[in-house]
Amino acid sequence: MNLLANAGAVYPTWSVLPFAALLLCIAILPLVVDKWWHRNRNKALIGIVFGVPTAAFVAFHDPAVLGHTALEYLAFIALIGSLFVVSGGIEVRGTLSGTPLANAGLLALGALLANIVGTTGASMLLIRPFLRANRKRTEKGHLVVFFIFIVSNVGGLLTPLGDPPLFLGFLHGVPFQWTLVTLWPQWAVVVGACLAVFSVIDSAKYRRENHHLHSHSAEVTHDGPRIAVKGGLNLVLLLAIVGAVYAGGAWIKPLAVAKFGHESPWADVVAQAFQIVSLAAVAGVSLATTSHAIRQDNEFSWHPLIEVSVLFAGIFAAMIPALGVLQQSGGRLGFTEPWKYFWATGALSSFLDNAPTYLAFHKLAQVSLPGTLAGTTAAALAAVSCGAVFFGAMTYIGNGPNFMVKAIADHAGVKTPSFFGYMAWSLGILAPIFVAVTLIFFH
């Protein structure tokens, strides 16, 4: 987000109040007026109430920032929407049992896959088969929670394709292979700890439900394939989405920079416009070529995408002043130790878009801890990277796929935790793991 390039408007502290109020609405309204909140029209109303006045305030003070944010939002929805459409055209059937061992294996697969097709791509591809495998389970809320922890967030640390902050780091001088070579120990500790805790909890719940290992019978005959995949063209289209995102940042943007110059905002505009158009085209191909039967079997509905779109429209607008205040006050924080970057980047990434938060603290590290790796030290960059990626799992709005996974699960009839209920899980499980990461790697 080019908000960080802004040096014009000065945002007063009170300008973050609409964002704080929007967060409170997302957290509290489902608890007190659940039926009212369930309607997307009412979510849109809340987004308008807090997003439009903030957008008007920003437009008056710095219209360029509002324009960049609007384009960033469209690129975000294009990515989320194309992955939602394409993954909705892939039907995975077979002997998916929903046992604790099988569930842990699918989550581990998702953690690996997230580094190839991104956390959003892996989430959209696997969430429906994961829910289908556990359709006979009576307690499912924890399954969604750990899916968001592992597949939608912490699993995507190993490559710049895994999570948007890391891709921005790649575009700002971090070597492509650096995350894999350097951050795999942190990835292994966090993913391993999450899988271990999940296995204990899921096994206990599974035993309490009096399930047996083979209680979930295969959905194909014993003479047929163990796993059947329909809509194979969409697997190719999934790779096309990854290619479009990579090409926009690694090829189109450098060409635009060469034409317009480093200081021109048009380089970002061209790259994001390319991403929006190309991803919309991929989604269009998927809609045109995928049979209606596959989407019907997947229980495909536009409701989750609409829900995410209307809520994040308000979030993107309302968070502009919050990021502006961060930019203004960042230089006074006096961060000189990696663990501070880990927790500060993480704390803000839990509620703000983790991509611009990553850039803000990367820039701060370049000033406070200068070095030869993208302008800072390896320790500082590792702390910022891990904080941005890991802490995205702390709330439903910490990372793009989180709320989408929740929406898909809700639509499938799974009772997921509330906003605060989810945070109780994340604070109880992830926070101690992150403390251990601090002591092992950043202290």
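Tell me the residue from A318, A244, A322 that is crowded, with 19+ Cβ neighbours inside 10 Å, in contact with a Gly (Cβ under 7 Å, 6 or more places away or on another chain) and hydrophobic (A, V, I, L, M, F, W, C), please. Even if it seems obvious, please write down each step before you answer.
On the way: A244 fails: in contact with a Gly (Cβ under 7 Å, 6 or more places away or on another chain); A322 fails: in contact with a Gly (Cβ under 7 Å, 6 or more places away or on another chain).
From the options A318, A244, A322, the qualifying one is A318.
Every residue in the stretch 336-354 that is buried (at least 23 other Cβ atoms within 10 Å of the Cβ) and among the aromatic types (F, W, Y), please.
Result: Y341, F342.
Condition first: closer than 22 Å to V437 by Cα, surrounded by fewer than 24 Cβ atoms within 10 Å (Cβ to Cβ) and of a type in the set (G, A, S). Can you find one or more residues in the stretch 134-155 that meet it?
No - not one qualifying residue is present in the stretch 134-155.
Is it the case that V437 is at negative phi and crowded, with 20+ Cβ neighbours inside 10 Å?
So V437 fits the description; yes.
Is there any pair linking a residue in the stretch 163-187 that is in contact (Cβ under 8 Å) with a residue 60 or more places away in the chain and under 15 Å from T345 (Cβ atoms) to one that is in a helix (DSSP H, G or I) and small (G, A, S), with Cβ under 6 Å and at least six apart or on different chains, and which?
Between residues of the stretch 163-187 that are in contact (Cβ under 8 Å) with a residue 60 or more places away in the chain and under 15 Å from T345 (Cβ atoms) and residues that are in a helix (DSSP H, G or I) and small (G, A, S), the close pairs are D163/G156; P164/A355; P165/A355; P165/A388; L168/A355.
Note down all Cβ pairs under 6 Å where the first residue falls in the stretch 105-122 and is touching a residue at least 60 places away in the same chain (Cβ under 8 Å), the second is outside any helix (DSSP H, G or I) and basic (K, R), and they're at least six residues apart or on different chains.
none
Kindly list, by first and then second residue, each pair from a residue in the stretch 236-260 that is of a type in the set (F, W, Y) to a residue that is surrounded by 20 or more Cβ atoms within 10 Å (Cβ to Cβ), limited to pairs with Cβ atoms under 8 Å and residues at least 6 apart or on different chains.
Y246/L161; F260/A267
Report, by residue number, each residue of the stretch 58-91 that is over 17 Å from A280 (Cα atoms) and surrounded by fewer than 19 Cβ atoms within 10 Å (Cβ to Cβ).
Answer for the stretch 58-91, where residues must be over 17 Å from A280 (Cα atoms) and surrounded by fewer than 19 Cβ atoms within 10 Å (Cβ to Cβ): A59, F60, H61, P63, A64, G67.
Residue check: is V200 assigned to a helix (DSSP H, G or I), modelled with pLDDT of 90 or more and buried (at least 24 other Cβ atoms within 10 Å of the Cβ)?
So V200 fails the test.
Could you tell me whether the stretch 401-408 includes any residue that is surrounded by fewer than 21 Cβ atoms within 10 Å (Cβ to Cβ), modelled with pLDDT of 90 or more and touching a Ser or Thr at 6+ places or on another chain (Cβ under 7 Å)? Full working, then the answer.
Initially, the stretch 401-408 is screened for residues surrounded by fewer than 21 Cβ atoms within 10 Å (Cβ to Cβ), giving none.
No, every residue in the stretch 401-408 fails to be surrounded by fewer than 21 Cβ atoms within 10 Å (Cβ to Cβ), modelled with pLDDT of 90 or more and touching a Ser or Thr at 6+ places or on another chain (Cβ under 7 Å).
How many residues does the stretch 50-93 hold that are in contact (Cβ under 8 Å) with a residue 24 or more places away in the chain and farther than 24 Å from Q275 by Cβ?
Total satisfying the criteria: 9.
Residues that are in contact with a Cys (Cβ under 9 Å, 6 or more places away or on another chain) and part of a helix (DSSP H, G or I): does the stretch 134-148 have at least one?
Taking every residue of the stretch 134-148 in turn, at least one turns out to be in contact with a Cys (Cβ under 9 Å, 6 or more places away or on another chain) and part of a helix (DSSP H, G or I).
Is there a residue being crowded, with 23+ Cβ neighbours inside 10 Å and over 15 Å from the mean Cα position of the chain (by Cα) anywhere in the stretch 384-396?
Yes.
How many residues does the stretch 89-138 hold that are touching a Leu at 6+ places or on another chain (Cβ under 9 Å) and among the charged types (D, E, K, R)?
Number satisfying all stated conditions: 2.
Under 8 Å between Cβ atoms, at least 6 apart or on separate chains: pull out the pairs that start in the stretch 404-433 with a residue that is under 19 Å from V308 (Cβ atoms) and end on any residue that is outside any helix (DSSP H, G or I) and at pLDDT below 90.
Correct list of pairs: H411/E299; H411/S301; A412/E299.
When the stretch 247-265 is examined, which residues are found to be surrounded by 12 or more Cβ atoms within 10 Å (Cβ to Cβ) and either among the polar types (S, T, N, Q) or not in a helix (DSSP H, G or I) (or both)? Lay out the reasoning, then the answer.
First, pick out the residues of the stretch 247-265 that are surrounded by 12 or more Cβ atoms within 10 Å (Cβ to Cβ): 247-257, 260, 264-265.
Across the stretch 247-265, the qualifying residues are S264, P265.
Run down L180, L113 and say which single residue is modelled with pLDDT of 90 or more and within 26 Å of A78 (Cα to Cα).
Just a single option satisfies the conditions, and that option is L113.
Report, by residue number, each residue of the stretch 414-443 that is outside any helix (DSSP H, G or I) and at pLDDT 90 or above. First the steps, then the outcome.
Within the stretch 414-443, the first condition is being outside any helix (DSSP H, G or I), and the residues that meet it are 414-418, 443.
Answer for the stretch 414-443, where residues must be outside any helix (DSSP H, G or I) and at pLDDT 90 or above: V414, K415, T416, P417, S418.
I'd like to know if the stretch 355-378 contains one or more residues that are surrounded by 24 or more Cβ atoms within 10 Å (Cβ to Cβ), outside any helix (DSSP H, G or I) and not hydroxyl-bearing (S, T, Y).
No: the stretch 355-378 contains no residue that is surrounded by 24 or more Cβ atoms within 10 Å (Cβ to Cβ), outside any helix (DSSP H, G or I) and not hydroxyl-bearing (S, T, Y).
Rundown of residues vs (1) of a type outside the set (A, V, I, L, M, F, W, C); (2) closer than 19 Å to T69 by Cα; (3) in a helix (DSSP H, G or I); (4) within 24 Å of the chain's Cα centre (by Cα), yes/no style:
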| site | (1), (2), (3), (4) |
| --- | --- |
| A267 | no, yes, yes, no |
| Q275 | yes, yes, yes, yes |
| A283 | no, no, yes, yes |
| V308 | no, yes, yes, yes |
| I320 | no, yes, yes, yes |
| L323 | no, yes, yes, yes |
| W339 | no, no, yes, yes |
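Just checking, which of V58, V86, V92 is among the aliphatic types (A, V, I, L, M) and modelled with pLDDT under 85?
On the way: V58 fails: modelled with pLDDT under 85; V86 fails: modelled with pLDDT under 85.
Testing whether each residue is among the aliphatic types (A, V, I, L, M) and modelled with pLDDT under 85 leaves just V92.
Condition first: in a helix (DSSP H, G or I) and in contact with an Asp or Glu (Cβ under 9 Å, 6 or more places away or on another chain). Now tell me which residues in the stretch 64-100 satisfy that.
If the condition is that a residue be in a helix (DSSP H, G or I) and in contact with an Asp or Glu (Cβ under 9 Å, 6 or more places away or on another chain), then H68, L71, E72, F76, P100 are the ones that fit.
The values are calculated or read from the model by the stated rules, or taken from the named source; none is laboratory data. Since we're looking at a predicted model, the values are computed, not measured. Here Cβ is always computed from backbone atoms with ideal geometry, including for glycine, and neighbour counts include all displayed protein chains.
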